[in-house]
Ligand code: GLN
């Protein structure tokens, strides 16, 4: 392609309506036609990154290979585009202002008044085009029109578009609510959002209407026509995108709309309307009959978005095996914990921070271990599995340093999960954990197989991390003596003859438990629709075998 093209997605009415999924879908369609794509997500909040935000505030913190802590939409991009992104793809208002203020302190603006326009807008515009090596750059501007924090990004976009009139395609996504009491869709909030957008000097090339429309309750053409009128567009450039059974059905749906035609006009070429073959498997997700249920034992049961990639990883592993996987939240503090666990076929104890719910997780893991329930522990899940095993099998009075606040509670006990050396005194919270991709050496081979080797089928893999604490190596001999196998390790130097390592994977022999494995990193960030992550694949397989 001669000139690089930008596809910019903005949103209106409310946030959380799937701008990321829509932008990722557009990317997938273009990628399927042989174009290379990269992504930038602009987030209007003032945090440098979402790493310091609670999952209640923000949902999952998605971690990239390079250790960047980012918005969960980056996960959609990595999954839909089958790519591994870097921190360049995530720009927050916090990062933008931080850079400008650092530049000011360095004296880069000497003698000048530092202003939103042009200093901040100019910097944002450089982010639009910086390091752009692919054919197309997808840009998602977070938040919705009318948010004060987002204005500076919209203003930068307005200027950028003026400077690149032929190379920018702008999609505005908004929501059409349905009023059950009167049985009708209401376009007024969307009209206001469009008016706000036009007032900012932005004319979209297409509008996408999200709604809860169904076959029996479709979005009327009159709404599409009205929105087209308000957007200075023809109805062909306004499409309806209702909720789908699975987000992987969105690309197939979108391909049947006029979106492709609009893109063809913009790019001046035709595109193939065929997705990669594995998407065929996703077609029947909403009609798949066989369902298995995986329980997530956690203290954040109110917000499924806190574990978005775990949910997606389970779904992908199920689809690969022709199964629908339902993930349910199980409260680690529930009084009916064991009964709740009994009602599902497999359990994940996912990552987490803070002491609340830890004893419940340990209790859950004891029950899972003793009752042969398929189990995958992730990060905190591994740490709790080790504490449980040390206490209940090795007979040690141990704790994880996150469990107790004061010295009295620790008296007479041993700390089995503690800070990585050098991390104990770090006071700063942002970006200071063990973050990003590290090598994991997997023990085992074809003759001396381990569960980890059977699943990964390789001796070396990369996994993404986000944690401060580690299993203490001094306890490894006693854990092993009592039957817990350490089958994945990270070595500081060479893995040969070296005891400078960190524990990465623990497991129980399959002769004593059908599927009990835990990992210190976050495998959920590496599942792709074309290939389930081996640990999730194994869990779903084991769960289908479970006689409940
Ligand atoms: N809180 C634990 C730690 O910091 C586990 C982190 C996690 O589960 N991501 O090590």
Okay, strands (runs of 3 or more DSSP E) sitting entirely in region 272-390 with 1 or more residues that are over 30 Å from residue 34 (Cβ atoms) and away from the ligand (no atom under 16 Å from the Cβ), I get 291-298, 324-331, 346-349
If I filter region 91-104 for residues that are surrounded by fewer than 16 Cβ atoms within 10 Å (Cβ to Cβ) and over 33 Å from the mean Cα position of the chain (by Cα), do I get at least one hit?
yes
Can you tell me which condition residue 57 does not meet? The list is (1) more than 16 Å from residue 437 (Cβ to Cβ); (2) in a helix (DSSP H, G or I); (3) touching a residue at least 40 places away in the same chain (Cβ under 8 Å), and all the others hold.
(3)
Please go through region 182-191 and pick out each residue that is surrounded by fewer than 17 Cβ atoms within 10 Å (Cβ to Cβ) and touching a residue at least 12 places away in the same chain (Cβ under 8 Å).
189
Identify the single condition in (1) in contact (Cβ under 8 Å) with a residue 40 or more places away in the chain; (2) loosely packed, with under 15 Cβ neighbours inside 10 Å that residue 113 does not satisfy, given that it satisfies every other one.
(1)
Taking region 391-408 and keeping only residues that are in a loop (DSSP other than H, G, I, E, B), away from the ligand (no atom under 15 Å from the Cβ) and either touching a strand residue (DSSP E or B) at 6+ places or on another chain (Cβ under 7 Å) or at pLDDT 95 or above (or both), one is left with 393, 394, 395, 396, 397
Looking at region 415-423, can you tell me whether even one residue there is in a loop (DSSP other than H, G, I, E, B) and modelled with pLDDT of 85 or more?
no
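The values are calculated or read from the model by the stated rules, or taken from the named source; none is laboratory data. Just so it is clear, the model here is predicted, and its values are computed rather than measured. Here Cβ is always computed from backbone atoms with ideal geometry, including for glycine, and neighbour counts include all displayed protein chains.
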